[in-house]
Each structure stands twice: as C-alpha cells, then as structure tokens.
Amino acid sequence: MTSLRPGLLAENALTQPIPPRRAPETGDVPARRPGSLMRKYEAAALLPDLTVSFKTHVAPATPIFEEAASAFARGTLIQTVNGAVAIEDLMPGDYVVTANGSQPVTWIGSTSYVPGRSSEQTSLAGLTRITADAFGFGKPSMDVLVGPAARLVVRHEKLRRLLGQEAVLAPVHDYEDGDRFLPVTPGGTVQLYHLMVQRHTLIEVGGIEMETYHPGKTVGQALGQNMRALFLSMFPNVTSLDDFGQVSLTRTQREVIDSLLDT
C-alpha cells in the first residue's frame with residue numbers, strides 16, 4: 001500500500017461505475033447499487049496501541065465519503081508543534097496546533113480530484129483558491145487551495161445574540177466571488193486530504209481558522225447498515241459513529257449566515 005507521502009494516488013482515483021453484486025451472507029461487503037460511481041481513498045489511522053494503519057479503500061464517490069478526504073490540497077501547510085508541515089507529510093501521531101491546544105492527528109484521509117471526471121454523484125466538481133491577503137495582510141500569506149469539504153469559521157458579535165455562539169462554520173466554496181475566493185479547475189490531478197484529531201476542533205491554515213474532520217451529526221441517518229459498515233471500515237481508530245464526538249461549532253451555509261446578519 002502506498003503511504004500518505006507524495007505520489008499517494010494516481011489519476012484513476014475515480015473509477016468507472018461498478019456493476020452491482022450481491023453482498024455475502026456475512027454482510028461484510030455491502031451490495032453496490034447499479035452504476036454506482038466508486039472512488040479510491042487512502043486512510044492512515046493512529047491505533048490504540050500507537051501503531052499506524054495504512055489502507056486503501058474503494059467506496060462510493062458521494063459527499064458523505066468524499067468529505068472525509070477532500071478539504072485541503074497537497075502542499076497546504078498545517079501548523080504543528082514543530083512548525084508548519086505540508087499536509088502530505090503529516091503522519092498520525094504528529095501533534096498539530098488546534099484551538100484546544102496541541103493534539104495528535106488520529107486519522108488522515110486522501111483522494112484525488114481529477115478534472116473532467118465529474119458526475120451528479122460526486123461532490124468533487126471543482127476547487128477553491130483563497131488568494132493571499134483575502135482576510136487581511138498575511139491571512140493567508142500565500143494562496144491556499146482547498147476542496148469542497150473545507151469549512152472556515154465565520155465570526156460576528158450578532159451571532160452570539162441569535163445563536164448563543166459568536167462563530168459558525170461555513171463551506172469555503174460558498175464565498176467564491178471571483179476575487180478573494182476563486183473557483184478553480186486545475187489542468188491536472190490534485191491530491192486532496194482531510195485530517196482528524198481526537199475531538200472536532202479548529203486548526204489554522206495560512207492564518208485562517210478551519211475545521212478538522214467530523215462526519216456530522218446526521219451521518220448515521222443518511223447511511224444504511226451496509227454503507228455504515230463500509231464507512232466505519234475507513235476509520236479503524238473508532239468503533240462506532242458515537243466515537244467521533246460532538247461537532248464543536250454549528251455548521252451552516254453562507255446564505256443562512258447572511259440572512260441572520262441582515263435581521
């Protein structure tokens with residue numbers, strides 16, 4: 001198996017639709033729907049005995065699975081206790097700087113965005129470039145390329161009165177404006193990543209507050225028994241969906257935030 005180092009995935013990360021097959025009686029392998037578009041994912045997890053598991057998975061090319069591996073492009077610098085490290089060079093067990101202090105990375109997922117291989121099923125239809133100084137001088141200090149799973153923190157005093165918290169999370173792509181936030185279709189394959197720590201929190205990416213990975217509070221309702229088992233197989237560091245804990249901030253959309261701030 002390839003490691004989470006440069007050259008992780010080739011351009012065949014998005015595979016052709018796979019014909020349906022019957023799940024074995026044990027139920028270990030879920031049956032696939034006719035014509036389901038599948039995607040290759042790489043996952044590295046910190047196990048309870050402090051060893052690291054590396055595995056390749058083939059799972060549906062749908063948002064629930066893709067969001068686990070499509071937040072930050074290769075080359076994105078993540079702040080660790082030893083300085084900034086490119087996300088492709090992080091390993092489970094490395095300590096990153098978070099809003100709750102330094103925490104070890106417990107899981108890293110990756111897949112590849114391949115231009116021109118879009119589908120109604122996949123969420124990987126394009127990327128977003130946050131331009132240098134989009135949030136003020138040095139924030140970020142250089143362009144940051146993110147995928148559709150990237151969410152940033154939106155802070156406003158009015159939110160505390162309305163929601164009881166002064167900050168919420170919104171998708172970066174909601175803020176695409178052709179100026180500070182640019183929709184991007186690269187000419188070639190781009191490796192994308194996401195990472196987990198023990199409890200959902202915030203990390204700084206180029207001086208911008210963004211979230212670590214969490215599947216969301218309703219993921220269990222969106223997955224049937226077989227798909228839930230397949231999803232959890234990508235996370236050998238957890239035993240159930242409850243192990244992901246709580247989402248630290250409310251997730252919403254820019255449209256909702258703007259309507260709240262206009263009231």
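Can you list the strands (runs of 3 or more DSSP E) found entirely within the stretch 186-263 that contain at least 3 residues being crowded, with 16+ Cβ neighbours inside 10 Å and aliphatic (A, V, I, L, M)?
Filter on the stretch 186-263 gives 190-196, 202-205.
Across the stretch 229-240, what is the number of residues that are free of Cβ contacts under 8 Å to residues at least 12 places away in the same chain and aromatic (Phe, Trp, Tyr)?
Residues in the stretch 229-240 being free of Cβ contacts under 8 Å to residues at least 12 places away in the same chain and aromatic (Phe, Trp, Tyr): 0 in total.
What do you reckon, is TYR175 among the hydroxyl-bearing types (Ser, Thr, Tyr), under 21 Å from ALA125 (Cβ atoms) and surrounded by fewer than 21 Cβ atoms within 10 Å (Cβ to Cβ)?
Criteria met by TYR175.
For SER118, are the conditions met, namely being under 20 Å from the mean Cα position of the chain (by Cα), open to solvent by 60 Å² or more (accessible area, probe 1.4 Å) and at pLDDT below 95?
So SER118 fits the description; yes.
Please count how many residues of the stretch 241-263 are among the β-branched types (Val, Ile, Thr), farther than 16 Å from THR201 by Cα, out of contact with any strand residue (DSSP E or B) (no Cβ under 6 Å at 6 or more places or on another chain) and in contact (Cβ under 8 Å) with a residue 12 or more places away in the chain.
Total meeting the criteria: 1.
For the stretch 30-109, please list each of the strands (runs of 3 or more DSSP E) lying entirely inside it that holds at least 2 residues being buried (at least 23 other Cβ atoms within 10 Å of the Cβ) and either touching a strand residue (DSSP E or B) at 6+ places or on another chain (Cβ under 6 Å) or at pLDDT 95 or above (or both). I'd like the intermediate steps shown before the answer.
Numbers: elements: 38-46, 52-60, 77-80, 83-86, 95-98, 101-104.
Output list reads 38-46.
Working only within the stretch 63-88, note down all residues that are among the β-branched types (Val, Ile, Thr) and within 15 Å of LEU232 (Cα to Cα).
ILE64
The values are calculated or read from the model by the stated rules, or taken from the named source; none is laboratory data. Worth saying up front: this structure is predicted, and the values here are computed from it rather than measured. Note that each Cβ is placed from the backbone with ideal geometry, even for glycine, and that neighbours are counted across all protein chains shown. In case anyone asks, the SASA skips ligands and DNA or RNA and just uses the protein heavy atoms, side chains included. Shrake-Rupley method; radii C 1.70, N 1.55, O 1.52, S 1.80 Å.
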